[in-house]
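The values are calculated or read from the model by the stated rules, or taken from the named source; none is laboratory data. These numbers were taken from a predicted model, which means no experiment stands behind them. Reconstructed Cβ throughout: ideal geometry from the backbone, glycine too, with neighbour counts over all protein chains shown.
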Amino acid sequence: MPGGGFTKLPGGNVVVAIGLPSPVGDGSTVRILVHAANRARALTRLRNLGLRAVYLRGNTHPPTPDEITAVLHHPDGLLWRASPQAATELWHPIRALLPQSRVWGAPRGV
């Protein structure tokens with residue numbers, strides 16, 4: 001599910017969902033969920049993890065109620081899964097996708 005979107009929560013915070021190409025490079029996508037105070041801070045959280053070219057243009061694929069529940073109940077407020085359309089795929093913490101030794105999109109030697 002390429003693209004992304006956001007949902008504003010009653011308390012003023014937002015949940016942002018973004019579909020990005022898989023770092024494996026196999027043509028698949030991953031869906032990333034971020035809970036933050038606002039959209040700009042959500043994108044900043046991703047950029048601080050090494051996802052430098054992350055932008056949210058429009059609101060074509062906002063997070064579903066199940067996605068919102070998942071990210072709100074996770075202590076980091078930052079989740080991903082490889083098959084956004086498969087309901088059986090579990091959500092994973094962002095650490096599992098972005099190992100500390102490799103920045104997403106960096107050349108192989110880094």
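Within the stretch 14-34, the set of residues being at pLDDT below 95 and surrounded by fewer than 23 Cβ atoms within 10 Å (Cβ to Cβ) comprises Gly19, Leu20, Pro21, Ser22, Pro23, Val24, Gly25, Asp26, Gly27, Ser28, Thr29, Val30. Tell me, which residue of the stretch 51-66 that is at pLDDT 90 or above and in contact with a Phe, Trp or Tyr (Cβ under 9 Å, 6 or more places away or on another chain) is surrounded by the most Cβ atoms within 10 Å (Cβ to Cβ)? Of everything passing the filter in the stretch 51-66, Pro63 is surrounded by the most Cβ atoms within 10 Å (Cβ to Cβ).
Suppose the filter is among the hydrophobic types (A, V, I, L, M, F, W, C) and part of a loop (DSSP other than H, G, I, E, B); does Val54 pass it? So Val54 fits the description; yes.
For the structure I just gave you, tell me whether His35 is assigned to a loop (DSSP other than H, G, I, E, B) and either closer than 19 Å to Arg95 by Cβ or of a type in the set (S, T, N, Q) (or both). Judged against the criteria, His35 is not a match. Summed over the stretch 51-81, residues that are in contact with a Lys or Arg (Cβ under 8 Å, 6 or more places away or on another chain) and of a type in the set (Gly, Ala, Ser) total 0.
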